[in-house]
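Below: one structure, written as structure tokens.
The values are calculated or read from the model by the stated rules, or taken from the named source; none is laboratory data. These numbers were taken from a predicted model, which means no experiment stands behind them. Cβ placement follows ideal geometry from the backbone for every residue including glycine, while neighbour counts extend to all protein chains displayed.
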């Protein structure tokens, strides 16, 4: 309920209540800090089960800002959380995943082929740095937007770092989404990869390297396909990547062919990090 409905202001009020020194009896009850007589049903176990600690609430607040693409505010929230918090089981689940690498043949990194490690704070801080560098350095623009596209793709249902967008994941989520009457905030990005696609297109427009062009086209196409699946527009049986038309030189066309035929794809994935 907190994750789905709370706003940053709600999280701030909840954290303030946890931090409050002179709690009323009811506030002590709510936060499981009261002293209960023996044999009373314990609220502390219930509170602990909910895991609404100060760190958890800050994480949810940061995820709200991430959903809105307000990276600076997300980073500010994450900087209030000790790094050791990310060693908890639910977060250590992602420690083998590099959020800036996408291998579409293994999008959830089941092979554990990644090598770099991040916390949620360092992920967001690198995303901010990539955006700033792309703005001031045209030579880095293509690669940085490609890496940002990877980060946003991995934060989607289709990627391995979905935990930056949701608190649970299921292979049935897409089907269950179709049964809902209303979209939830962020669904276009989480299921349809809308934000990831924007960065892949920017990478394509700026790229000089034929392989980077081809990889950006491949991932823009993957996002396009995910959007069609998410939006129910159909046409996937006869679908062909519409972004291939942007590859007008023979080297980038050859690189794309190598990707499609799996000749060099793994090497290309490893090249851009």
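Assorted remarks:
- When the test is whether a residue is in contact (Cβ under 8 Å) with a residue 24 or more places away in the chain, assigned to a loop (DSSP other than H, G, I, E, B), touching a helix residue (DSSP H, G or I) at 6+ places or on another chain (Cβ under 8 Å) and surrounded by 13 or more Cβ atoms within 10 Å (Cβ to Cβ), residue 273 passes it.
- Scanning the stretch 130-159 for residues that are under 19 Å from the mean Cα position of the chain (by Cα) and within 14 Å of residue 207 (Cβ to Cβ) yields 143, 144, 145, 146, 147, 148, 149.
- Residue 212 being under 19 Å from the mean Cα position of the chain (by Cα), more than 18 Å from residue 227 (Cα to Cα) and at pLDDT 90 or above: no
- Here the helices (runs of 4 or more DSSP H) wholly within the stretch 59-147 that include at least 2 residues being at pLDDT 90 or above and under 17 Å from residue 189 (Cβ atoms) are 71-78, 120-136.
- Residue check, residue 142 under 26 Å from residue 212 (Cβ atoms) and touching a residue at least 12 places away in the same chain (Cβ under 8 Å): yes
- Only residues that are over 17 Å from residue 221 (Cα atoms) and part of a loop (DSSP other than H, G, I, E, B) were counted in the stretch 245-264, giving 3.
- Only one entry of 118, 110, 146 meets the criterion of being farther than 16 Å from residue 67 by Cβ, assigned by TED's automatic domain parsing to the domain that holds residue 214 and surrounded by fewer than 12 Cβ atoms within 10 Å (Cβ to Cβ), and that entry is 110.
- Looking only at the stretch 1-37, residues that are without any contact (Cβ under 8 Å) to a residue 40 or more places away in the chain, surrounded by 15 or more Cβ atoms within 10 Å (Cβ to Cβ) and either under 19 Å from residue 80 (Cβ atoms) or touching a strand residue (DSSP E or B) at 6+ places or on another chain (Cβ under 7 Å) (or both) come to 3 in all.
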